[in-house]
Amino acid sequence: MSSTATETELSTITHHSKGDDGEQPTSLPAMEVEAIGAVPNLAGPAAVASEPVAPSKARAAALMATLSCVSFLNTFSSGTLTVALPAIAQELQLPNNLLLWPASVYALALSCTLLLLGAVADVVGNRPVFLVGTLLYTAWTLAVSLAQTGNQLIIFRALQGISMSFCMPAAVSTITTSFPSGKTRNIGFAVFGGGSPLGFAVGLVLGGVLVQVSDWRTAYYLATGISGATFILAWFTMPKTTAVPNVRHRLVHEFDWVGVASASISLALLSYIFAEITYSASVMKEAYNIVLLIVAVLLIPFFVFWVSRQERLGRPAILPNSVWRKGAFTTVCITVFLVWSWFNAFGYWATLFFQITQELDALQAALRFLPLVIVGILTNTVAGLIMDRVSAGSLVLIGGLLSAVSPLLFAIQDPKWIYWAAGFPSMCLSVISTDLLFNISNLVITSSFPSKDQALAGGVFNTVTQLGNSIGPAITAIIASAVTEAEASKPGADQSYATLKGYRSAFWTCFAAAVVSAVISAVGLRKVGKVGMKKDL
């Protein structure tokens, strides 16, 4: 499961349940190594790097635990919001038009700051950025638990998202710079990815229990304690950063501020627009939304022009256009975008199917996602063990085809079917593709960037996933709305059947995207071979 893939689906559950509407490992100084069988078509400086010295088993385990705590916290709030948002909205008198924003604003703030803080971590160092992020996340999580108004809650959730963007790119960079290629690094990514479904599950169950026996604030007090413990753990486990000379000069003169600003603003505006469209396509009739969309779209060619100019003049470019010429990198980014798009949309519509069509309450609907969480943890475990033994193209193709069965089952199932006939196998299969791809794509993307830009590489991966998270539900919402309206306009139409038909059109769209992503990955990664193999010196 992706670190933030569940944000939209969780807000949907609660929205509709309301009923309204140590030292840095040293590198081998004189020896450059080349990956054997690991993304062979990524030629150039990015494919050549010095190998970090493997930490002791105890230190490696402690560092992996620290990093997994961050991915755990990233989705813990999502699980909590699944069952707690109705209670939160009632206590804080959150109006219906703002009901989705405690979940959406977190993803919005996270997505538009990942590239910036990934690049900053590459200049300043992973340790200070990660520590600042966990400390800020602790503070803003406490603030969420103390919020007295709906506006305060939304603001603090946004600040939580920004704080998490300090941590995620730095965590990816720490894995690649602390663990040598091979089994240890593969397991590092698997453990890091496994924290996400575990956090969602714990938040889901604890959120439901605490809302019943205490109140929603208790869950966030608990998250504050876990975040504070993560900061303390990180203080002792995160590798110390070598002093970087002239940090201020590098940030001012060797940093692509224009590229970062244009990309971040475009991503923020697109995320906002797509979040609005997901809940009502009619928002695009508003003049200000049209203006925001035009600005966001125009910033894309400007960004391409700008980084091309920077690269041509030999100046810093946040994301050089040349990186897209690497077939594996481009394939992985397209595949990640498509997979996260359909997966997040699938979760969104599955929750509606459970609640609106099958008339389950929010907690019952949420519990039906638990198999997804368990399979997600198992998939991450298996991925860490087999990535260096099975070709990346085969893994992604098999995982993609298996997961494509999930939206297909929902598209054809009858609402009267029992959960075990379609819902259960769909939940089990849906997450296989995303979790396999999480591990493979992180290895491919980080190998596409020089060793000095590994946090930026982590920012790129997380940015692509966030973009998919926003666009997938929005596109399927437009399709489902059009189908529902067309069916409802027929003489003697049954509104419940029209709604179901709209849901089915969304699931068919998810199925199509899943199949296309599997085909693209199979073709684009066919020559990559096995990733995560140990580099020979």
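The values are calculated or read from the model by the stated rules, or taken from the named source; none is laboratory data. In this text, all values refer to a predicted model and were calculated from it rather than measured experimentally. Don't worry about glycine lacking a Cβ; one is built from the backbone with ideal geometry, like all the others, and counts go over all protein chains shown. The area values use the complete protein model at the heavy-atom level, side chains included, leaving out ligands, DNA and RNA. Shrake-Rupley method; radii C 1.70, N 1.55, O 1.52, S 1.80 Å.
Structure values in brief
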quantity	calculated
Fraction in percent of alpha-carbon pairs per bin - 10 Å, the stretch 323-413	13, 38, 31, 14, 4
Top positive-direction residue, dipole computed over the chain with Cβ charges, set Asn380, Ile187, Ala296	Ile187
Carbon + sulfur, % of accessible area of the stretch 254-383 - ligands and nucleic acids excluded, 1.4 Å	70
Rounded percent of accessible protein surface that carbon and sulfur make up, the stretch 436-495, 1.4 Å probe	64
Pairwise FRET efficiency - Ala512 versus Lys452, Cβ, R0 = 51 Å, nearest 0.05	0.80
In Å², nearest 10: area of Thr224 left accessible to a 1.4 Å probe	20
Cα shape, the stretch 280-382, gyration tensor, a/c 1.5 rule	oblate
Unit charges on C-beta of K, R, D, E only; dipole of the stretch 84-224, Debye	320
Average accessible area per residue (Å²) across the chain - probe 1.4 Å, nucleic acids and ligands excluded	38
Ranked packing of 130-141, 260-271, most packed first, by mean Cβ within 10 Å	130-141, 260-271
Residue (of Phe369, Leu153, Pro491) at the positive-pole extreme of the chain, dipole from beta-carbon charges	Phe369
Most positive-pole-ward Cα, Ile475, Leu436, Asn344, against dipole of the chain from beta carbon charges	Leu436
Rounded if a/c under 1.5, otherwise prolate or oblate - the stretch 428-484, Cα gyration tensor axes	oblate
Equivalent ellipsoid, the stretch 140-207 (semi-axes from 5 times Cα gyration tensor eigenvalues, Å)	31, 16, 6
Spacing of the two label points (7 Å from each Cα toward its C-beta) at Thr242 and Gln148, in nm	5.1
Inter-part distance where the stretch 289-363 and the stretch 103-158 are each reduced to a Cα centre, Å	20
Calculated on alpha-carbon atoms, Rg and Dmax of the stretch 109-254 in Å	17.0, 55
Portion, in percent, of the accessible area of the stretch 116-235 that falls on carbon or sulfur, probe 1.4 Å	77
Derived scalar couplings ³J(HN,Hα) [the stretch 507-513; Karplus, 6.51 cos²θ - 1.76 cosθ + 1.60; whole Hz; x for Gly, Pro]	5, 5, 5, 4, 4, 4, 5
Calculated FRET value between Ser496 and Glu91, using beta carbons and R₀ = 25 Å, to 0.05	0.20
Debye log10 I(q)/I(0) for the stretch 194-252, one point scatterer per Cα, at q = 0.13, 0.16 Å⁻¹	-0.57, -0.69
Stretchable slack from Ile418 to Phe305, in nm (0.36 nm times residue separation minus alpha-carbon distance)	35.3 nm
Extension gain, Val213 back to Glu359 (0.36 nm per residue minus Cα-Cα distance, nm)	50.1 nm
Cα gyration tensor, the stretch 373-419 - rounded (a/c under 1.5), prolate or oblate	oblate
Tyr348 accessible area, 1.4 Å probe, all protein chains in place, Å² to nearest 10	10
Simple Cβ-charge dipole of the chain, Lys/Arg +1 and Asp/Glu -1, about Cα centre, in debye nearest 20	1240
Protection proxy ranking of 364-375, 436-447, 174-185, 414-425 - average other beta-carbon atoms within 10 Å, highest first	436-447, 174-185, 364-375, 414-425
Rg/Rh ratio calculated on Cα atoms of the chain (Kirkwood radius)	0.96
